[in-house]
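Notes to accompany the following structure.
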Amino acid sequence: MYLYLLGLVVLYYLYRWVRELPRVSDKSNRYVYITGCDSGFGNLLAQHLDKQGFRVIASCFTERGEEDLKKSCSSNLTTTHLDVRSQDSIAKVAAMIRDTVGARGLWAVVNNAGVSVPSAHCDWLTLDDYKSMLDVNLNGVIGVTLSVLPLIKKARGRVVNVASVLGRISASGGPYTVSKFGVEAFNDSLRINMAPFGVKVLCIEPGFFKTQMTSSEVVCNNIKMLWEKLPQEVRDDYGSEYQQKGLAAVSDRLANITDTDLMKVVHCMEHAVAAVRPRTRYSPGWDAKLFWLPLSYMPTCVSDYILQMKAIPIAKQIE
């Protein structure tokens, strides 16, 4: 009985692998717009798709990001400045893309730009902290997508949104998980709305990977900054040793759980852009497949218990 079930599972994955092999043709006439190409996944994806022959439009936040990317890619790649927090910047890039792609339309947009700080316990943060991240991670995704959606519809192309496993389960406080849950919701509604137009909407949900966003230096500096701004009453609630214990725990966990192979994510992005039959969702990273996604399907009492197992004790415990 178990052998039959194992055989069916093997056949299913073999069938899926064969089905997903074909790639789109005529790549040299297909334009792909990628946000957040200064470093990390966006930078690697821009280089990867450029080598495959796509016409890449890579947006960067800094001039240095543009310059470095030009040095490592062919003359077919176009770089541009983009601040996803600014509607004027989004509109300016969209107008440039419209002039560039012409009647053929835009084959794909990859919403990769994002930030991970400020992040901390909810009562460490202000509404402005939430707004600053949502402007990038959620409103930026929506704004960029809507700015080029008519061009995507014209090409019957794709929208690829980079969310996170933390868009499935909220394992930490602060605006990051809020923004990623929002990306998931926008992705799902857009996928249903665009299906009649032949537009595919795909979601990438990576686990923890070693990028600038998960740098222990960046995360720890963020914690220190927020702790210094807290009212004394809130610090007393957590205890004088809480910050140091928190910094040590964060550094240790990030060192142990972050995957250094960023190409696992890039290959999923490339498949979403280039496959004739892409998947609706991709979950790169073993932690995503074996821990975070299964955890998201567990009863709340179970997932809460697991997430709180290694929580740092606070000074004012409930009696």
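Laid out as a table, the results:
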read-out	value
Net dipole in debye of segment 28-118 [+1 Lys, Arg Cβ; -1 Asp, Glu Cβ; about Cα centre; nearest 20]	340 debye
Gained length - D99 relative to N256, 0.36 nm times residue gap less alpha-carbon distance	51.9 nm
Estimated FRET transfer efficiency (E233, K70; beta-carbon r; R0 35 Å; 0.05)	0.10
Mean Cβ neighbour count within 10 Å, used as a protection proxy, ranking 23-30, 163-170 highest first	163-170, 23-30
Paramagnetic reach from K289 (point 7 Å along Cα→Cβ, amide N under 20 Å) across segment 1-33	5-22
Kirkwood hydrodynamic radius (C-alpha pairs) into Stokes-Einstein, the chain, 10 °C and 1.306 mPa s, D in µm²/s	75 µm²/s
Relative contact order of the chain, defined on C-alpha pairs under 8 angstrom at six or more residues apart (%)	18 percent
Rounded to the nearest 20 debye, dipole of the chain from Cβ charges on Lys, Arg, Asp, Glu	1720 debye
Estimated inter-spin distance, A315 and S25, nm [label 7 Å along Cα→Cβ]	7.0 nm
Most mobile of A185, A274, A113 in a GNM of the chain (Cα contacts under 10 Å)	A185
Computed Rg/Rh of segment 187-261, alpha carbon atoms with Kirkwood Rh	1.24
Whole-percent carbon and sulfur share, accessible surface of the chain, 1.4 Å	57 percent
Relative frequency of Cα-Cα separations exceeding 10 Å in segment 111-151, percent	72 percent
Residue among Q308, V273, L262 farthest towards the positive dipole end of segment 258-319, charges placed on Cβ	V273
Contact order relative to length of segment 31-102, as percent, for alpha carbon pairs under 8 angstrom and 6 or more apart	28 percent
Probe 1.4 Å - accessible area at T62, Å² to nearest ten	60 Å²
Calculated Rg and Dmax of segment 188-319 using C-alpha coordinates, Å	19.6, 59
Ellipsoid semi-axes in whole angstrom, largest first, where each is sqrt(5λ) of the Cα gyration tensor of segment 192-236	40, 17, 7
The chain, helix-only ellipticity at 222 nm - DSSP H runs n ≥ 4, -39,500 (n - 2.57), divided by all residues, nearest 500	-16500 deg cm²/dmol
Convex hull of segment 80-203 built on C-alpha atoms - directionally averaged projected area, nm²	7.5 nm²
Computed lengthening from L127 to D304, 0.36 nm per intervening residue step minus Cα-Cα distance	61.2 nm
Reachable lysines, given that their alpha-carbon falls under 23 Å from the alpha-carbon of K245 and they are not under 8 places away in the same chain	K210, K224, K229, K310, K316
Accessible area (Å², per residue) of the chain, counting only protein heavy atoms and a probe of 1.4 Å	52 Å²
Hull volume in cubic angstrom per residue (convex hull over the Cα atoms of segment 1-110)	146 Å³
Rel. contact order, % - alpha carbon contacts under 8 angstrom, at least six apart, segment 147-252	26 percent
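The values are calculated or read from the model by the stated rules, or taken from the named source; none is laboratory data. Fair warning: this is a prediction, and the values are worked out from it, not measured in the lab. Note that we place each Cβ from the backbone using ideal geometry, even for glycine, and neighbour counts take in every protein chain shown. In case anyone asks, the SASA skips ligands and DNA or RNA and just uses the protein heavy atoms, side chains included. Shrake-Rupley method; radii C 1.70, N 1.55, O 1.52, S 1.80 Å.
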